[in-house]
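K.L.:
Sharing a structure with you now.
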Amino acid sequence: MKCVILQPSYIPWRGYFHQIAKADVFVFYDDVQYDKRGWRNRNRIKTPHGTQWLTIPVHSQGAQTHHIPINEIPICWDNHWNKDHYLTLESAYAKAPFFQRYKPLLQDFYTREPELLADFTIDTTLALARALGIKGTEFLRSSSLDVGGSKSDRLIHILSLLGADHYISGPSARDYVEAHKFEAAGIRLEYMHYDYPDYPQLYPPFDPQVSILDLMFMTGPQALDYILEPEKS
């Protein structure tokens, strides 16, 4: 059984959904330390004025924020950032071929006001996976598994609990994953290769590392082909 364990992110790029599509079980790693400058609460989109960040504001407690797990990070609702994000996306992509196809999905996302960041980002990721046509993947949260340990040991505990014998990881993990421990546990390690074809974007030059929304707005029902097709060739 193939498993991916990955931190929840805000409207992630296509590599994230590639991992979802490859997994039999996808675990949102939501009870590990929140990384303040990572992808948990922000992502990038294309606009007429260049690449722009969309960032969900969260309640910060200074240095202490770094000791809070992702699933306990509260969203800051002091202003209507959700409306701003929707209007920014609408302004940037109104002329995209398939924006209208996904507009109701966006409107649903940005009328919600959940208390916690992970609830919002996980729910939107699940909705986007469905909209892409990804089927057959089971989703879990690590916080529901009550598994202890740290680093590679904790990953192996999760995989063993789920009965997984094949772990799919991002390529940067090669620098810190203790491969010998996975081998000893009888778990095959696979590292992702992100080699995707370009697709038309409204605002050149091409940027491959923007939110999945860009690909969906531009290619519609063919979006998944731009993620999985290189694997078939």
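K.L.:
Looking at the range 84-103 only, could you name the residues that are touching a residue at least 40 places away in the same chain (Cβ under 8 Å) and open to solvent by less than 40 Å² (accessible area, probe 1.4 Å)?
P.N.:
Hits for the range 84-103 are Thr88, Leu89, Ala92, Tyr93, Ala96, Phe99, Tyr102.
K.L.:
Now for a different question. Could you list all residues from the range 192-215 that are aromatic (Phe, Trp, Tyr), over 21 Å from Ile168 (Cβ atoms) and open to solvent by 20 Å² or more (accessible area, probe 1.4 Å)?
P.N.:
Tyr203, Phe206
K.L.:
Name the residue, out of Trp13, Trp81, that is among the aromatic types (Phe, Trp, Tyr), open to solvent by 30 Å² or more (accessible area, probe 1.4 Å) and in contact (Cβ under 8 Å) with a residue 12 or more places away in the chain.
P.N.:
Answer to the check: Trp13.
K.L.:
For the range 122-141, check the following and say yes or no: at least one residue is in contact (Cβ under 8 Å) with a residue 24 or more places away in the chain, loosely packed, with under 11 Cβ neighbours inside 10 Å and closer than 30 Å to His85 by Cα.
P.N.:
No, because not a single residue in the range 122-141 is in contact (Cβ under 8 Å) with a residue 24 or more places away in the chain, loosely packed, with under 11 Cβ neighbours inside 10 Å and closer than 30 Å to His85 by Cα.
K.L.:
Follow-up. What number of residues in the range 93-131 are part of a helix (DSSP H, G or I) and either of a type outside the set (A, V, I, L, M) or more than 28 Å from Pro74 (Cα to Cα) (or both)?
P.N.:
17
K.L.:
Given the structure, is Asn71 closer than 23 Å to Phe139 by Cβ, assigned to a helix (DSSP H, G or I) and of a type in the set (S, T, N, Q)?
P.N.:
Judged against the criteria, Asn71 is a match.
K.L.:
State the number of residues belonging to the range 51-78 that are at pLDDT below 95 and either polar (S, T, N, Q) or closer than 30 Å to Pro204 by Cα (or both).
P.N.:
Summing the residues that are at pLDDT below 95 and either polar (S, T, N, Q) or closer than 30 Å to Pro204 by Cα (or both) in the range 51-78 gives 4.
K.L.:
Kindly state which helices (runs of 4 or more DSSP H) lie completely within the range 135-233 and contain at least 2 residues that are within 20 Å of Thr125 (Cα to Cα).
P.N.:
212-219, 225-232
K.L.:
Being open to solvent by 40 Å² or more (accessible area, probe 1.4 Å), under 20 Å from His67 (Cβ atoms), touching a residue at least 12 places away in the same chain (Cβ under 8 Å) and not in a strand (DSSP E or B) is the filter here, so list the residues in the range 16-56 that pass it.
P.N.:
Listed by number, the residues that qualify are Asp31, Asp35, Lys36, Trp39.
Condition check ((1) touching a Lys or Arg at 6+ places or on another chain (Cβ under 7 Å); (2) hydrophobic (A, V, I, L, M, F, W, C)) across all residues:
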{"position": "Glu72", "(1), (2)": "no, no"}
{"position": "Trp77", "(1), (2)": "no, yes"}
{"position": "His80", "(1), (2)": "no, no"}
{"position": "Tyr86", "(1), (2)": "no, no"}
{"position": "Gln107", "(1), (2)": "no, no"}
{"position": "Glu113", "(1), (2)": "no, no"}
{"position": "Thr124", "(1), (2)": "no, no"}
{"position": "Ala129", "(1), (2)": "no, yes"}
{"position": "Ser152", "(1), (2)": "yes, no"}
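The values are calculated or read from the model by the stated rules, or taken from the named source; none is laboratory data. As the structure is a computational prediction, the values presented were derived from the model and not from experiment. Note that we place each Cβ from the backbone using ideal geometry, even for glycine, and neighbour counts take in every protein chain shown. Please note that ligands, DNA and RNA were not included when accessible areas were found on the heavy atoms of the full protein model with its side chains. Shrake-Rupley method; radii C 1.70, N 1.55, O 1.52, S 1.80 Å.
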